[in-house]
Structure formats: C-alpha cells, structure tokens
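Could you have a look at this structure, given as structure tokens, before my questions?
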Amino acid sequence: MKRGKPADEAAADGDNDTGSASSKKTKKAKEPEAPVMYDDPPDKMTSKDGREANMKITSWNVDGLRAWVKKKGLDWVREEAPDVVCLQETKCAEKSLPADITSMTEYPHKYWASSDEKEGYSGVAMLCKTEPLKVTYGIGKEEHDKEGRVITAEFPNFFLVTTYVPNSGRGLVRLDYRKTWDVDFRAYLSELDMQKPLVLCGDLNVAHQEIDLKNPKGNKKNAGFTPEEREGFTQLLESGFTDSFRELYPEQANAYTFWTYMMNSRGKNVGWRLDYFVLSSSLLPGLVDNKIRNKALGSDHCPITLHIAV
C-alpha cells in the first residue's frame, strides 16, 4: 500500500490495486461505479422516552474561519439556528476574527481558543445563545493546551466539550503524540463525567470502524484509521460514552462528514466520518437525533447537528 500518504489522499485513491500494468491493459475497462450518496433523513424531534428535544447543537470543522465566513457559512448557521454552534480548525487568532462573526447578535456569548505558537493553526470556537454557567479552555496540560484544541462550557444539566483532536499527520509523524493526547483527553472527560454528564463534539480525527470510511482496506496505515487511533476511540466508548450517530443508525453506511478536496471526492462520496457527538451514557434516554448535514458547503467537512432532551 502507499506509505506516508495522508489519509485524505489515500481515501480519494480508493483501495490499492496490485495488478501489473500489462494485466490492466488486457482487462476490459470497468464502468465507473455510480456514487452511493447519503441522504440525511428528516429530523426526529422526540426521544425514545417520549421527551421533546429542547437543545440543538451544531458542530462544524470550518477549515479556516475567515474563508468559511466568505463562503457564506454564517448564512447556513442562521438557517439551522442551533442553540450552540461549535467550530473547529478555525485557524484564526482572536484579534483577526471577522466582524461578521464577532457582531452576530444571535449568539451574544462567544468563546475562542487558538494556538499560542502558530498563527493560522488549529483553534476552536463556541457560540451560545444563552450564557453557560462557566467556560474553561484546554484540559489542564500545557503540552496540549498551547494548540487551542478544547473549550468546555458548563450548562445546568450537562457539560458541552468541543475539540479538534490532533491529526497524526503525513507519515504518522504525530501518532505517538496522538496516543498521549487520547489517554489524557479521556482522563479529562472521565473526570468531568463524574461531576455531571457531558456532550463531546468536534472533529475527532478518527474513523472508528470500517463502515465509517469509503476505503478502509487502503487506509489502515494512514492517519485517522490506524489501529492505535481506532483503539483510542474504542477505549473512550468503553469509559462510559456513546457515539450517538451509531447508537441511532448502527448499520448506516456511506454517511461521511469529511471529503478531501481532490479528485471530486465529495461528488463521488469518497469520504470519512470524522465528526462526532459523543454522549455520556446517562444522556442516552434523551438522545433524539444526530444529523449529518452533507449538503452544506464551505469546508472539506460538513456540519453535524444534535437534537437532545436534557
């Protein structure tokens, strides 16, 4: 298989064909397969235990906040109208934020975290209609917190954590760091969960199972689908948390949230599910729906939305 290629490029390549060039010439050219798309079904509005959803949260890796604003991302947010908007990979220092977003009256309570050392790298944001009880930044460990990857907001009945998990990188150069992050972040979430239940959302930079990406076979040594990253996510779930999309749609294939810009991957739906809402188990009775808004453009990720009764 191709080594050292980032996961998104390998995803676009598809599974690797080891046939020789000469054998390919003699084979009849295959008709290109029609892409299998995912249609986000109508929103459910009632939980299993019969409660109406009363909280709507949207998460979106915007791949650069300033460019995303120019691509009319805020128009989509206004139409979706969630109670809280969580953004990842903002790549924007607070001093450089576009006025279009800082002046949004719909979300009077806005919180930003950006990289201390690298301008235009990483970064997360949280925009809230109602003021949280408390907001904190990072997870209390300097080696992680300097990159601006976590905001935690405390609400009366739950914590909301948004994160941009470190990518293991081309050639897996940051895989060891990622494994350290996974352990430390899981400990942070478990500690929060002892105080009150939590909703975790964001770009977790892992496709957990083979159903969560188009080309699992060709990506087992690529960032986002290594055994180590997948095991890290398994261990998080085993610590008392649930992947809400899989809880609701356990067999749903072709449901992705990220597509590389190359090779018309989005048009062909050659993608990965990297963006999640992960819930404390005690919140599951109030889980209503987890939407993948794959028609929304403006980034190489699409937004996801959680409906929950809390």
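Every residue in the range 50-59 that is open to solvent by 80 Å² or more (accessible area, probe 1.4 Å) and part of a loop (DSSP other than H, G, I, E, B), please.
In the first step, residues of the range 50-59 are kept if they are open to solvent by 80 Å² or more (accessible area, probe 1.4 Å); the result is 51-52, 54.
Result: R51, N54.
Inside the range 193-211, can you point out the residues that are more than 10 Å from L160 (Cα to Cα), out of contact with any Asp or Glu (no Cβ under 6 Å at 6 or more places or on another chain) and of a type outside the set (D, E, K, R)? Working first, answer last.
Let us first name the residues in the range 193-211 that are more than 10 Å from L160 (Cα to Cα), namely 193-196, 202-211.
Applying the additional criterion that residues be out of contact with any Asp or Glu (no Cβ under 6 Å at 6 or more places or on another chain) yields 193-196, 202, 204-205, 207-211.
M194, Q195, G202, L204, N205, A207, H208, Q209, I211 - these are the residues of the range 193-211 that are more than 10 Å from L160 (Cα to Cα), out of contact with any Asp or Glu (no Cβ under 6 Å at 6 or more places or on another chain) and of a type outside the set (D, E, K, R).
Follow-up. Specify which of the listed residues (V62, V77) is closer than 23 Å to V270 by Cα and either surrounded by 16 or more Cβ atoms within 10 Å (Cβ to Cβ) or among the aromatic types (F, W, Y) (or both).
Result: V62 is the single residue among V62, V77 that is closer than 23 Å to V270 by Cα and either surrounded by 16 or more Cβ atoms within 10 Å (Cβ to Cβ) or among the aromatic types (F, W, Y) (or both).
Out of E231, E247, E191, I need the residue that is of a type in the set (D, E, K, R) and either touching a Ser or Thr at 6+ places or on another chain (Cβ under 8 Å) or more than 28 Å from E142 (Cβ to Cβ) (or both). Which one?
Values: E231 fails: either touching a Ser or Thr at 6+ places or on another chain (Cβ under 8 Å) or more than 28 Å from E142 (Cβ to Cβ) (or both); E191 fails: either touching a Ser or Thr at 6+ places or on another chain (Cβ under 8 Å) or more than 28 Å from E142 (Cβ to Cβ) (or both).
Only one candidate passes the filter, namely E247.
Count, please, the residues in the range 78-114 that happen to be farther than 27 Å from E142 by Cα, part of a helix (DSSP H, G or I) and touching a residue at least 24 places away in the same chain (Cβ under 8 Å).
Within the range 78-114, residues that are farther than 27 Å from E142 by Cα, part of a helix (DSSP H, G or I) and touching a residue at least 24 places away in the same chain (Cβ under 8 Å) number 4.
Have a look at K214, K196 and point out the one that is in contact with a helix residue (DSSP H, G or I) (Cβ under 7 Å, 6 or more places away or on another chain), open to solvent by 10 Å² or more (accessible area, probe 1.4 Å) and charged (D, E, K, R). Give the steps one after another, and end with the answer.
Values: K196 fails: in contact with a helix residue (DSSP H, G or I) (Cβ under 7 Å, 6 or more places away or on another chain).
Testing whether each residue is in contact with a helix residue (DSSP H, G or I) (Cβ under 7 Å, 6 or more places away or on another chain), open to solvent by 10 Å² or more (accessible area, probe 1.4 Å) and charged (D, E, K, R) leaves just K214.
R273 fails exactly one of the following numbered conditions: (1) closer than 21 Å to W181 by Cβ; (2) open to solvent by 10 Å² or more (accessible area, probe 1.4 Å). What is the number of that condition?
Exception for R273: condition (2).
Does the range 224-258 hold any residues that are assigned to a loop (DSSP other than H, G, I, E, B) and open to solvent by less than 10 Å² (accessible area, probe 1.4 Å), and which are they? Before you say what the answer is, go through the steps one by one.
At the first step, the residues of the range 224-258 found to be assigned to a loop (DSSP other than H, G, I, E, B) are 224-226, 239-240, 249-257.
Matches in the range 224-258: G224, F225, T226, A255, Y256, T257.
Would you mind finding the one in K291, K221 that is among the basic types (K, R) and open to solvent by less than 10 Å² (accessible area, probe 1.4 Å)?
Values: K221 fails: open to solvent by less than 10 Å² (accessible area, probe 1.4 Å).
Testing whether each residue is among the basic types (K, R) and open to solvent by less than 10 Å² (accessible area, probe 1.4 Å) leaves just K291.
Additional query: Determine which single condition M104 fails, assuming it passes every other condition in (1) out of contact with any Phe, Trp or Tyr (no Cβ under 7 Å at 6 or more places or on another chain); (2) surrounded by fewer than 19 Cβ atoms within 10 Å (Cβ to Cβ); (3) under 29 Å from K179 (Cα atoms).
It fails just one condition, (3).
Search the range 241-273 for residues being among the hydroxyl-bearing types (S, T, Y) and closer than 23 Å to L284 by Cβ, and hand back the single one that is farthest from the chain's Cα centre (by Cα).
Taking the range 241-273 and keeping what is among the hydroxyl-bearing types (S, T, Y), we get 242, 244, 249, 256-257, 260-261, 265.
Retained after the next criterion (residues that are closer than 23 Å to L284 by Cβ): 242, 244, 249, 257.
On the way: T242: 15, S244: 12, Y249: 17, T257: 7 Å.
Only one residue tops the list, namely Y249.
While we're on this one: Any residue in the range 166-193 that's at negative phi: show its pairings with residues that are surrounded by fewer than 17 Cβ atoms within 10 Å (Cβ to Cβ) and acidic (D, E) at Cβ separation under 6 Å, as long as the two are six or more apart or on different chains.
K179/E228
The values are calculated or read from the model by the stated rules, or taken from the named source; none is laboratory data. Because the structure is predicted, anything quoted here is derived from the model rather than measured. Here the Cβ is made from the backbone with ideal geometry for all residues, glycine too, and neighbour counts use every protein chain on show. Calculation scope for accessible area: heavy atoms of the full protein, side chains included, ligands and nucleic acids excluded. Shrake-Rupley method; radii C 1.70, N 1.55, O 1.52, S 1.80 Å.
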